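Written out below as structure tokens is the structure these notes cover.
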Amino acid sequence: MLLRQPTNILITGAAGYVGGMLADQFSKRRDVGVIVCLDKEPMPALLHRNPKIIWIRDNTSSNTWQRMVALHNPAVVIHAAWQIREMYGKRALQWKWNVGGSQNVFDFAFSNPSVRKLVHFSSASCYGAFPSNTLDHWFREDEELREDEYRYGVEKIAAEEALADKVGTAERTGQKTPQIFVVRPAAITGPRGRFMFRRFGLQSVLRKGLPIIPVANSIWCRQFIHEDDVCDIVELLSFQELAGTYDVFNITPNTLVLARDMAEVMGKRTFRITPAIVRFAFWWLWHASQGRIPTSRGGWKFYSYPIVMDGSKITSRLGYHYQYESRPALEKIEGRYKKYAA
């Protein structure tokens, strides 16, 4: 009887919220050999003394990590590295890190015969936050990616387009490609995100930064996906034998949390303002703080207009059922990292 070889994995952005969590969870699988973690930051405490972790401190946009990673013959590549917060006055460098770095990861996955699967993290922001968005229209995976101002969304679209172009070129030339999955998550939350991982985003601002929550639109809302669901979905895509060569999934439960519900969860009150006020406040804070407060160009739209995704495709196509709806994901202290809430 032939014994199956352990699966080696490459995870980019392993010092981040999602990448570190995936490395931690997947290292507990008996069929996983080594997990090569690539990040420009040091190894987080969560992964210290983990015998399956091989840490490479480098930027995905460089050309020095590929040879070291190839030595371990990864079968699965998970690309979660991203400079999310826009760097003040450094747009070209950020483009190089995010879009150029993504192209390097894609090139590695396509050129190494050991790689069987590639999972790429995109974002709900690609659909764009516009005044025409409503609560009745739920964006599906085959719709146009419209964001043209907010740097995070613009760069995520560019990375998706680069990947799609690479697949098209491979098909035309007869090149063998790994099985590819693109995931577009809603806002990710859970005990690790709230209590273990330091970040300055919407949840931090609403929970700690503001005594009263300003609301620019009565239908402004967010969808939330629990961190355990993110891990389990990526695990399904990475380890299960699935049909197809290229697929895209919105990952979010088909529920949402309105601004007044967020305020209720956080024990705060709301007050009404206009999108114009949000836009001016973002502009002023961005320049006054020189980017230390993450209010970059176009970000105001995502605090004024809703983006509601239809996340049912992964259920109908692959049979995955979300463990948490949007509000429980935001509100409850449950999941694999709940012990850290203390």
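Which of the three applies to the stretch 14-74, rounded, prolate or oblate, going by the alpha-carbon gyration tensor with a ≥ b ≥ c and a/c under 1.5 meaning rounded?
It is oblate, given that a/c is not under 1.5 and a/b is not larger than b/c.
For Lys90 and Arg67, FRET efficiency with R0 = 25 Å and r from the beta-carbon atoms, rounded to 0.05?
0.35
So how far, in whole Å, is the C-alpha centre of the stretch 212-272 from the one of the stretch 153-194?
19 Å
Treating the beta-carbon of each Lys and Arg as +1 and of each Asp and Glu as -1, no other charges, what is the dipole magnitude of the stretch 1-159 about its Cα centre, to the nearest 20 debye?
It works out to roughly 880 debye.
If we sort 317-325, 171-179, 222-230 on the protection proxy, mean other Cβ atoms within 10 Å, highest first, what's the order?
Descending packing order for the listed peptides: 222-230, 317-325, 171-179.
Give the order of Arg279, Arg29 when sorted by the count of other beta carbons within 10 angstrom, beginning with the fewest.
Ordered by Cβ neighbours within 10 Å, fewest first: Arg29, Arg279.
Between Arg172 and Ile273, what is the spin-label point distance in nm, taking each point 7 Å from the Cα along the Cα→C-beta axis?
With each label point 7 Å from Cα toward Cβ, the separation is 4.8 nm.
For helix 151-173, report the angle its Cα long axis makes with the longest principal axis of the Cα atoms of the chain; keep it between 0 and 90° and round to the nearest 10°.
Approximately 30 degrees, to the nearest 10.
Looking at the square roots a ≥ b ≥ c of the eigenvalues of the Cα gyration tensor of the stretch 92-137, which shape do they give, rounded for a/c under 1.5, prolate if a/b is larger than b/c, or oblate?
It is oblate, given that a/c is not under 1.5 and a/b is not larger than b/c.
State the answer as a single residue: which of Gly299, Val248, Trp286 lies farthest towards the positive end of the charge dipole of the stretch 223-302, with beta carbon charges of +1 for Lys and Arg and -1 for Asp and Glu, about the Cα centre.
Checking the options against the dipole of the stretch 223-302, the answer is Trp286.
List, in the order given, every pair from Lys313/Lys338; Lys52/Lys90; Lys28/Lys156; Lys40/Lys301; Lys28/Lys176; Lys28/Lys117 whose Cα-Cα distance in the structure shown is over 25 Å.
Pairs exceeding 25 Å: Lys313/Lys338; Lys52/Lys90; Lys28/Lys156; Lys40/Lys301; Lys28/Lys176.
Classify the stretch 1-118 from the C-alpha gyration tensor, please: rounded if a/c falls under 1.5, else prolate or oblate depending on whether a/b exceeds b/c.
The shape class here is oblate.
Long-range amide H contacts for Met43: which residues qualify at under 5 Å (H placed 1.01 Å from N, peptide plane, sequence gap of 5 or more or a different chain)?
So Met43 has HN proximity to no qualifying residue.
So how tilted is helix 227-239 from the main axis of the chain? Cα-based, degrees 0 to 90, rounded to 10.
30 degrees
Can you tell me the dipole magnitude for the stretch 202-342 around its Cα centre, using point charges on the Cβ only (Lys, Arg +1; Asp, Glu -1), in Debye to the nearest 20?
920 debye
Counting each pair of different Cα atoms once, what's the Kirkwood radius of the chain in Å, rounded to one decimal?
Final number for the Kirkwood radius of the chain is 20.8 Å.
Gain in length, Ser111 to Ala288, computed as 0.36 nm per residue apart minus the alpha-carbon separation, to one decimal in nm?
59.2 nm
Roughly what angle does helix 275-288 make with the longest principal axis of the chain, taking Cα atoms, 0 to 90 degrees, to the nearest 10?
60 degrees
Each reported figure results from applying straightforward, stated rules to the coordinates on display, with no laboratory input. Bear in mind the structure is a predicted one, so any value in this text is a computation, not a measurement. Because the Cβ atoms are built from the backbone with ideal geometry, glycine has one as well, and the counts that use them run over all protein chains shown.
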